[in-house]
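Since the structure comes first, as structure tokens, the remarks are kept for the end.
The values are calculated or read from the model by the stated rules, or taken from the named source; none is laboratory data. This one's a predicted model, so the numbers in the text were calculated from it and none came from an experiment. Using ideal geometry, Cβ is built from the backbone for each residue, glycine included, and neighbour counts are taken over all protein chains shown.
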Ligand SMILES: [Zn+2]
């Protein structure tokens, strides 16, 4: 087996060849390569991203040796970007690594078009003013952006992308798609051909629970005026009926049927999450719509027509007690229905493409297939511009966080992280950055933070003295362990954004290194 | 007046260690002394030099610690390279602990890391007592359980059954799987120990043999049939070696045949390896997150510079980002971190008889026991030299071997047979000798 694939074996088991290919195509730009930035990139370089470009104008100082693993004694006085770049290159020679010795703030101001060449920009340790500018640039150029910042025992991670649509969200726990509450004719026909009263005890205990439930639900419907069990009492009764059909205590298939009986009672139709997606205005497609929304438009038509209110069938079934023969045949029935649904959707996709003046074959079959298989799990993530959030944070949310004990430290840090930037803009250093004058710094930070809250129309007294003191104590320190944590989170989110698998975080993640009660704040 | 501090490698850490704070640990005494003591006296053991261990060593070396040791029995493999960033392709085959220690020392000057290329059970208990904090970067429940028992064995209780603070050996423990992980702080006697909350790690569900033999339904069933049933049928007596590529290929080919026979799809070589070796997917980012949390807690425990995690952090990055802190509670009847299993003995019981009793004791079920008393080996099953040296003790009364102390703590290590599963284990016993005046008087007094 070739070495590179073996090297990535443990991650290929998570995001597969396709995810890996997306990573290997991606080009990432890092702004500032202190420990937060370096650690973010390290995790991405190990995973095999295509290329990295490090932008940092600073030289390595003695203090950097104490918090950044990518620089050492021999780096002192040299370009930090260069030293970090050469260490990262050592980790994986498949990655194209380069550096630019320049301050990110300068690039943002003088050369905004620089950023449009990248798949994604990781911006670390930027102050608010630069974040806001960069955010506008990247949004305009359609480049994905993620902010990461470590500050003493706090920090934040925030994604900024106009829209991120996920087909393969791969949730951990998701109800399987068995349609026991709404079986289609072939499934019903298959179940009918199997005799629940078969005399042979071995055969009896190897009837798959899917068959048991379809037949028993049918029986119930016939004697209950066409409806499935709905009240608590009816559900209990239905389970009793199942139990009564057992001929021995060790019939696992019947136990599974009783445990799975809620699938019969479940409401028909699509989830409210999916409903939200199909009524989204983007589902009214035009010639410039993304492939994703074209497929959603087809899905919407399918649900309203052939689907009879349901999404296309996923087509896979969980393992269950069964004879091999029944199981394999059952699998085939689910696969056939799934394939039929796919063909209908594919046709609709091609028609829609034609209608909006695009090449009807521009979306590959495999993509449509994957879309159909995952139709119930689609996710659309949208992120507000940083500037909008900062100028108009959702007040009810902010008030709620400020008064909720679980959130109080995290939201306090959120406010203080913004306050220190205002402070720095006024006083040319962060509070507590230098020794001495701590009391003055504390009172200035307090005034700044209260002013910030008042600007939103919030009561400033909700910030505790303790937290303000701590923030000054941190003095803008970039601690390695905190940077490694923040960098780890940032790289994880980058991977999700690039592979288009799993669901990236929403809102702003505020790290609370005091007791680890970190929170995700949704201020929009 | 704001002064720029003179350049120092400790520039950032000093903010936390030298300045007083409001949200800090009860023992926090900020100052240069604290920073220097951390460097000079604090000793941390990192258990495991894999995905978590590599990160932990780096994080601790850059968090003010200068005396580190690392223990790991494994050698570097190609599949480690996507996350174990201290290793390079040319290191494949070398001991992880040694390479990891060397790489970190090369880059962080002034840090000393002692590697131990061996099994955790190969070290005697005294080895572990030497460290202030033990950081666990392991992927097996058995190994966690073992180190936990060792750390808890140092815990002593006073006469009121309150744990004595100076005998507490704190641990931080991390674990990851794909995009998920946990970090926790264990202070024996204060927080739950690993064993108190063992239910958090349910044993893996195995396929019933009859399913494999009679009604296979999916690819994994076919693979396990080839691996667990067919292999033995064909290779009488030859053990299957998961690291032998020929063996793996054979299992794969057999699984493919069986799948074809039953009309089952999905057997691949990669899946075969995954099922047979029980491979847990692993990536750099999750390991980085969890290790960083563990290293930060280690720094906080050692310095008091902030509050500590109380006591269990879970991280899940599959759907969005979820971190959650749960405060689990101690199991007051825990055999491992509690005061110890009480054993009442006659003064005439010999060491041999005592060892035999351990096998039958319902709470212990320990065979092949080795016994230590206050750091002294009373009987050792291995190595042969020690066995020979201690063999003569077997015929002596335990009471005499314990210096005729009426009531004291013994440590026993051996094989624990629980639920038809064997594992190495260590238990603390409170031995009380019957019919000794002192004890009776004391107990009477206590009961009055
Ligand atoms: Zn315990």
Check your understanding: If a residue has to be surrounded by 18 or more Cβ atoms within 10 Å (Cβ to Cβ) and within 14 Å of the ligand (Cβ to nearest atom) to count, how many in region B:308-329 make the cut?
Key -> 2
**Study point:** Among residues of region B:287-307, those that are over 14 Å from residue B:56 (Cβ atoms) and within 7 Å of another protein chain (Cβ to nearest Cβ), counted
**Key:** 2
Exercise for review: Specify the residue that is surrounded by the most Cβ atoms within 10 Å (Cβ to Cβ); the eligible residues are those in region A:467-524 that are more than 7 Å from chain B (Cβ to nearest Cβ) and more than 22 Å from the chain's Cα centre (by Cα).
Suggested key: A:471
Practice item. Of the conditions (1) surrounded by 12 or more Cβ atoms within 10 Å (Cβ to Cβ); (2) not in a helix (DSSP H, G or I), residue A:226 clears all except one; give me its number. Key: (1)
Check your understanding: What are the residues in region B:330-346 that are in contact with a helix residue (DSSP H, G or I) (Cβ under 8 Å, 6 or more places away or on another chain) and within 9 Å of the ligand (Cβ to nearest atom), if any?
Key -> B:336, B:337
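Test residue A:49 against the stated conditions and say whether it is touching a residue at least 12 places away in the same chain (Cβ under 8 Å) and within 14 Å of chain B (Cβ to nearest Cβ). Quick ask: steps written out before the conclusion?
Details: touching a residue at least 12 places away in the same chain (Cβ under 8 Å): yes; within 14 Å of chain B (Cβ to nearest Cβ): yes.
In short, yes.
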Practice item. May I ask you to verify whether residue B:353 is within 16 Å of the ligand (Cβ to nearest atom) and not assigned by TED's automatic domain parsing to the domain that holds residue B:153? Key: no
Check your understanding: Do we have residue A:109 as surrounded by 23 or more Cβ atoms within 10 Å (Cβ to Cβ) and free of Cβ contacts under 8 Å to residues at least 40 places away in the same chain here?
Key -> no
Point to revise | Unmet requirement for residue B:216, which otherwise passes all of (1) touching a residue at least 60 places away in the same chain (Cβ under 8 Å); (2) in contact with a helix residue (DSSP H, G or I) (Cβ under 6 Å, 6 or more places away or on another chain); (3) more than 12 Å from the ligand (Cβ to nearest atom) | key: (1)
Review point. Can you name every residue in region A:85-102 that is in contact (Cβ under 8 Å) with a residue 12 or more places away in the chain and more than 14 Å from residue A:44 (Cα to Cα)?
Key: A:98, A:99, A:100, A:101, A:102
**Study point:** Out of A:362, A:408, sole residue that is buried (at least 18 other Cβ atoms within 10 Å of the Cβ) and either without any contact (Cβ under 8 Å) to a residue 60 or more places away in the chain or in contact with a helix residue (DSSP H, G or I) (Cβ under 7 Å, 6 or more places away or on another chain) (or both)
**Key:** A:408
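Any residue that is touching a helix residue (DSSP H, G or I) at 6+ places or on another chain (Cβ under 7 Å), within 14 Å of chain A (Cβ to nearest Cβ), within 16 Å of the ligand (Cβ to nearest atom) and within 30 Å of residue B:157 (Cα to Cα) - is there at least one of those in region B:189-202? If you could, list the steps in order and put the result at the bottom.
Of the residues in region B:189-202, the ones touching a helix residue (DSSP H, G or I) at 6+ places or on another chain (Cβ under 7 Å) are B:193-195, B:201.
So of that shortlist, the ones also within 14 Å of chain A (Cβ to nearest Cβ) come out as none.
No, the conditions are met nowhere in region B:189-202.
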Study note, to complete from the structure: Counting only residues in region A:308-332 that are buried (at least 20 other Cβ atoms within 10 Å of the Cβ) and more than 31 Å from the chain's Cα centre (by Cα), the one nearest to residue A:290 (Cα to Cα) is identified as A:330
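Could you check, for region B:262-280, whether at least one of its residues is in a helix (DSSP H, G or I), under 30 Å from residue A:155 (Cβ atoms) and in contact with a strand residue (DSSP E or B) (Cβ under 6 Å, 6 or more places away or on another chain)? Full working, then the answer.
The first filter runs over region B:262-280 and keeps only residues in a helix (DSSP H, G or I), leaving B:262, B:269-276.
Then keep just the ones that are under 30 Å from residue A:155 (Cβ atoms); that gives none.
No, there is no match, as no residue in region B:262-280 is in a helix (DSSP H, G or I), under 30 Å from residue A:155 (Cβ atoms) and in contact with a strand residue (DSSP E or B) (Cβ under 6 Å, 6 or more places away or on another chain).
Residue-wise test of (1) in a loop (DSSP other than H, G, I, E, B); (2) within 33 Å of the chain's Cα centre (by Cα); (3) farther than 25 Å from residue A:324 by Cβ; (4) not assigned by TED's automatic domain parsing to the domain that holds residue B:269.
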{"site": "B:213", "(1), (2), (3), (4)": "no, no, no, no"}
{"site": "B:222", "(1), (2), (3), (4)": "no, no, no, no"}
{"site": "B:229", "(1), (2), (3), (4)": "no, yes, no, no"}
{"site": "B:236", "(1), (2), (3), (4)": "yes, no, yes, no"}
{"site": "B:240", "(1), (2), (3), (4)": "yes, yes, no, no"}
{"site": "B:247", "(1), (2), (3), (4)": "no, yes, yes, no"}
Check your understanding: Would region A:11-26 turn up any residue that is more than 9 Å from chain B (Cβ to nearest Cβ), out of contact with any helix residue (DSSP H, G or I) (no Cβ under 9 Å at 6 or more places or on another chain) and either at positive phi or surrounded by 15 or more Cβ atoms within 10 Å (Cβ to Cβ) (or both)?
Key -> yes
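Which residue out of B:142, B:195, B:166 is surrounded by 16 or more Cβ atoms within 10 Å (Cβ to Cβ) and either assigned to a helix (DSSP H, G or I) or at pLDDT below 95 (or both)?
Values: B:142 fails: surrounded by 16 or more Cβ atoms within 10 Å (Cβ to Cβ); B:166 fails: surrounded by 16 or more Cβ atoms within 10 Å (Cβ to Cβ).
When all the criteria are applied, what remains is B:195.
Enumerate the strands (runs of 3 or more DSSP E) found wholly within region B:297-358, keeping only those where 3 or more residues are over 25 Å from residue B:46 (Cα atoms). Even if it seems obvious, please write down each step before you answer.
Values: elements: B:312-316, B:322-326, B:341-345.
Strands (runs of 3 or more DSSP E) meeting the threshold: B:341-345.
Residues that are in contact with a helix residue (DSSP H, G or I) (Cβ under 7 Å, 6 or more places away or on another chain) and within 24 Å of residue A:364 (Cα to Cα): list the helices (runs of 4 or more DSSP H) wholly contained in region A:239-349 that include at least 1 such residues. Step through it out loud before you land on a result.
Details: elements: A:252-259, A:262-265, A:272-278, A:291-304.
Result: A:272-278, A:291-304.
Residue-by-condition table, conditions (1) in contact with a strand residue (DSSP E or B) (Cβ under 9 Å, 6 or more places away or on another chain); (2) farther than 16 Å from residue B:298 by Cα:
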residue	(1), (2)
B:39	yes, no
B:45	yes, no
B:50	yes, yes
B:54	yes, no
B:58	no, no
B:63	no, no
B:69	yes, no
B:72	yes, yes
B:76	yes, yes
Point to revise | Filtered residues of region B:173-188 (kept if within 16 Å of the ligand (Cβ to nearest atom) and either more than 11 Å from residue B:152 (Cα to Cα) or assigned to a loop (DSSP other than H, G, I, E, B) (or both)) | key: B:173, B:184, B:185, B:187
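Determine whether residue B:129 is free of Cβ contacts under 8 Å to residues at least 24 places away in the same chain and surrounded by fewer than 15 Cβ atoms within 10 Å (Cβ to Cβ). Before you say what the answer is, go through the steps one by one.
Working: free of Cβ contacts under 8 Å to residues at least 24 places away in the same chain: no; surrounded by fewer than 15 Cβ atoms within 10 Å (Cβ to Cβ): yes.
It is false that residue B:129 is free of Cβ contacts under 8 Å to residues at least 24 places away in the same chain and surrounded by fewer than 15 Cβ atoms within 10 Å (Cβ to Cβ).
Looking at region A:499-511, can you tell me whether even one residue there is more than 30 Å from residue A:121 (Cβ to Cβ) and modelled with pLDDT of 95 or more?
First pass over region A:499-511, keeping only residues more than 30 Å from residue A:121 (Cβ to Cβ): none.
No; the residues of region A:499-511 include none that is more than 30 Å from residue A:121 (Cβ to Cβ) and modelled with pLDDT of 95 or more.
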Point to revise | Residue list for region A:64-116, restricted to those being more than 28 Å from residue B:84 (Cβ to Cβ) and assigned to a helix (DSSP H, G or I) | key: A:104, A:105, A:106, A:107, A:108, A:109, A:110, A:112, A:113, A:114, A:115, A:116
Revision key, fill the gap. Here the residues within region B:366-376 that are surrounded by fewer than 17 Cβ atoms within 10 Å (Cβ to Cβ) and touching a residue at least 40 places away in the same chain (Cβ under 8 Å) are B:367, B:368, B:375
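Is it true that residue B:284 is modelled with pLDDT of 95 or more, over 36 Å from the mean Cα position of the chain (by Cα) and within 12 Å of chain A (Cβ to nearest Cβ)?
Values: modelled with pLDDT of 95 or more: yes; over 36 Å from the mean Cα position of the chain (by Cα): no; within 12 Å of chain A (Cβ to nearest Cβ): yes.
So residue B:284 fails the test.
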